[in-house]
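Data block below; observations after.
The values are calculated or read from the model by the stated rules, or taken from the named source; none is laboratory data. These numbers were taken from a predicted model, which means no experiment stands behind them. Glycine gets a Cβ as well: all are built from the backbone with ideal geometry, and neighbour counts include every protein chain shown. Ligands, DNA and RNA are excluded from the accessible area calculation, which covers all protein heavy atoms including side chains. Shrake-Rupley method; radii C 1.70, N 1.55, O 1.52, S 1.80 Å.
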Amino acid sequence: MTYIEVVHQNLHLQGFAKGGNFMYWSFTDTLVKTTLAGTVKCQCEMRDGHLGDCDYYDGKIYASMLGKPAPGRPWNDWSSFYVYVFDADDLHLLKKIRLEICEQYWEQRGTEDDTRGFNGVDGVTVAPDPVTGEPKLFVACALDTDERFTDQIFLQFTLDGAYETEYRIPTGNTVFGIQNLDYDRENREFWFSTYEPERDFQPKETLYCVSGDLTKVLRKYVYSSPYGIECLGNEGFLASVQFG
């Protein structure tokens, strides 16, 4: 087994991605680029919120971002929902994609119309549209802990950030929903990881394989990798291990 170790970061790992001969790591308030051996090439700091999962596509890094709460508010009372797009070469910020549909979901929390239990955004990947095959941006929603909210919510956007559609995958309620999301291009499957269960009504499985059309769960595993997973096709996976 091969290990890649990245140390001396302020906060814990949220997700990672492989692009060519480099790795990209999200550590909540930093985005880090390393060699495949873990040597840091460059990094940038994020002071305006909570960086989540990230994905590499076409020379760019896409990463979910939860806006920092207003002063005096709880840590997870997010002020905004974005996907940040970075240049994979030097990690300078190219654009901020505002997820307006997520603002609507946030406003619905606790109302009679709330069927999602939306808690934020985390998992992100670029993958083919299930119908057209065009590259799209997929963002996984975080969930409130409640046995009413049994579906994982996937949102599909254009690469420019125009909202297109929502998918729901019935898995049962998981702690903060999906943490990491990736697409296996060789086998045309989505993979996502979750935290381990904290309540009796939450499933024991924490790693899921979903059909490329996002209609059904194909396989699920009791395998913990909530800090990052990367599909390498038939070569296997890179999976997170948390120390400290």
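For the chain, which longest stretch is free of loop sites, where a loop site is one of the trypsin sites (Lys or Arg not before Pro) that DSSP puts outside H, G, I, E and B and that has at most 16 other Cβ atoms within 10 Å?
After excluding every exposed loop site, the longest remaining stretch is 48-108.
Given contacts defined as C-alpha pairs under 8 Å and at least six residues apart, what's the relative contact order of segment 120-174, whole-number percent?
That works out to 29 percent.
At what distance in angstrom do the alpha carbon centres of segment 128-181 and segment 187-244 lie from each other?
Comparing the Cα centres of segment 128-181 and segment 187-244, I get a distance of 14 Å.
Could you pull out the longest piece of the chain with no exposed loop chymotrypsin sites (Phe, Trp or Tyr not before Pro) in it, calling a site exposed if DSSP puts it outside H, G, I, E, B and it has at most 13 other Cβ atoms within 10 Å?
That would be 76-200.
Determine which residues of segment 9-27 fall in the zone a paramagnetic label at GLU235 would reach in this model, i.e. backbone nitrogen under 11 Å from the point 7 Å along Cα→Cβ.
Answer for segment 9-27: 18-22.
Give me the accessible area per residue for segment 44-160, probe 1.4 Å, as a whole number in Å².
44 Å²
What translational D, rounded to a whole number of µm²/s, comes out for segment 153-244 from Stokes-Einstein when the hydrodynamic radius is the Kirkwood one over Cα pairs, at 37 °C and 0.692 mPa s?
Values: Rh = 14.0 Å.
Value of D from the Cα-based Kirkwood radius: 235 µm²/s.
Round to a whole number: what % of the accessible area of segment 51-174 belongs to carbon and sulfur, probe 1.4 Å?
Answer for segment 51-174: carbon and sulfur cover 44 percent of the accessible area.
Normalising by the residue count of segment 94-244, find the relative contact order in percent from Cα pairs under 8 Å and 6+ residues apart.
Details: 363 pairs, mean separation 24.5, N = 151.
It comes to 16 percent, rounded to a whole number.
Hey, what's the per residue convex hull volume over the C-alpha atoms of segment 123-177, in cubic angstrom?
Roughly 77 Å³ of hull volume per residue.
Rounded to whole Å and ordered largest first, report the semi-axes of the equivalent ellipsoid of segment 88-129 derived from its Cα gyration tensor (root of 5λ). Let's see the in-between values first.
Details: eigenvalues 166, 32, 16 Å².
One finds semi-axes of 29, 13, 9 Å for segment 88-129.
Provide the convex hull volume over Cα atoms per residue for the chain, in Å³. Display every interim value, and only then the final one.
On the way: hull volume 31.9 nm³, N = 244.
Output value, Cα hull per residue: 131 Å³.
Report the convex hull volume per residue for segment 1-105, counting only C-alpha atoms, in Å³.
Working: hull volume 12.2 nm³, N = 105.
So the per-residue Cα hull volume is 117 Å³.
In what sequence, largest accessible area first, do ILE4, ILE169 appear using a 1.4 Å probe? Walk me through the numbers on the way to the answer.
On the way: ILE4 50, ILE169 0 Å².
So the residues, ranked largest to smallest area, are ILE4, ILE169.
How big is segment 92-200 in terms of Cα radius of gyration and Dmax, in angstroms?
14.2, 44
Any idea what the relative contact order of segment 1-47 is, in percent, if you count C-alpha pairs under 8 Å spaced at least 6 apart?
Here the relative contact order equals 29 percent.
Can you give me the solvent accessible area of LEU214 with a 1.4 Å probe, rounded to the nearest 10 Å²?
For LEU214, solvent-accessible area is about 10 Å².
Can you give me the P(r) profile for segment 158-201? Cα pairs, bins 5 angstrom wide beginning at 0, each as a whole percent.
Cα pair-distance distribution for segment 158-201, in percent: 5, 15, 19, 23, 21, 11, 5, 2, 0.
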